[in-house]
Amino acid sequence: MTDQEHLERAYRRLLACYPRAFREENGPEILAVLMACARDGQRRPGPAQAADLIRGGLRMRLFPSVPRSAPTVRAAVRLMYAGAAVSTANLIVLLAVIADIKAYHAVLGHRLTTAQVSQLNTAAITVEIVYTLVPIALWLWMARKNGQGRNWARGLSTALFGLATLTLSSVFPQPVFNISFVPTVRLSFVPALAPAVLVLTWLAGAAAVWLLWRPASTAFFKPEGLAPVPPARPRSPGWPQPGQPPRSLL
Amino acid sequence: MRAMQEATFLILTALADGSQHGYGIITDVRDISGGRVRLRPGTLYTALDRLRADELIGVDREEVVDGRLRRYYRLTPAGTRRLADEAARLQAHAAAALTRLNLAGGTAT
């Protein structure tokens, strides 16, 4: 394998960081630019170049480009990231005090009896962490898919918000999470959040759902009943294979 | 309207007098900035993707050179307006800074 082929293969691997749709459209072109930027005899990507590709790919996966022409959707997507950030903060609190689960409950503002504390085993803690991870994943997933203009994501976000609302209303009249470590009772997507955090994330969800159903957003989700990919972006031919004659662009 | 990032401003400037392909933009931005701003391909294509989504730039044409794809980008009318606005804003700020420095007997020439 020549130096050039070696380098090209390494770059292709790095380009896997980007979302597939973006890679299929722009991969060959980015590869051409990367190869043009390479020094003679270079066999592997420089660390800065590699870091830049990884960062660019992750950023694109996490934050899809919502057009400026759809400000309501942009705002809704930002709120969803804010929701993910709050949920992440909750996870950090949980992890920070995991060794002393009683301290965690003190943070949440409620007390456990000795009997309840003795029930806390590794499995229960694992369940707790999973329940904290699920909303983070859901926020990020919904932010991404709504940002891409998927109409089903709009429906699903609304349904999830409804579910969160039900949970919130069922949780609040009672002393919060007295029985929170009995996993079977935790049928919701809302983890062991302190009430203030619950209300904050609920408000972010409410605002996001409201924004998603504004008329301006509907235009973004349903441009002429087709997939909301901006129209003036022609597909490129696939990856040119080394030694293969270039395919026609027509 | 929010201030534009420097890289975005330079990319749009590189496209202001005609379409260019990715590598052309990188070398042009380096020249415009006097060698100070060296765009990496990952940064460039993240920015191009965003600019296309915002319809500030579009694809002009595609060519295959030595078996490799070259896509040429150009400013859209909206992109031209946005760049002109941003340039005017920067110019106003720079003029204010230079005027005050001169009044204060500063080193600005």
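Just so you know, all these numbers are worked out from the coordinates, no wet-lab data involved. What you are looking at is a predicted structure, and each value in this text was computed from that prediction instead of being measured. Positions of Cβ are generated from backbone atoms using ideal geometry, with glycine treated the same way; all protein chains shown enter the neighbour counts.
Ordering A:220, B:9 by the number of other Cβ atoms within 10 Å of each residue's own Cβ, fewest first, gives B:9, A:220. Over segment A:3-62, the pair-distance histogram of Cα-Cα distances with 5 Å bins from zero comes to 4, 20, 32, 26, 13, 5, 1 percent, rounded to whole numbers. Which residues in segment A:27-51 place their backbone N less than 17 Å from a point set 7 Å from the Cα of residue A:4 along the Cα-to-Cβ direction? Output list for this probe position: A:28-45.
Normalised by the number of residues in segment A:3-62, the mean separation of alpha-carbon contacts (under 8 Å, six or more apart) gives a relative contact order of 57 percent.
Relative contact order of chain B, taken over Cα pairs closer than 8 Å and 6 or more residues apart, is 26 percent.
Shielding of peptide B:61-68 by partners, expressed as the average count of other chain Cβ atoms within 10 Å per residue Cβ, is 5. Per residue, the convex hull spanned by the Cα atoms of segment B:6-103 amounts to 104 cubic angstrom.
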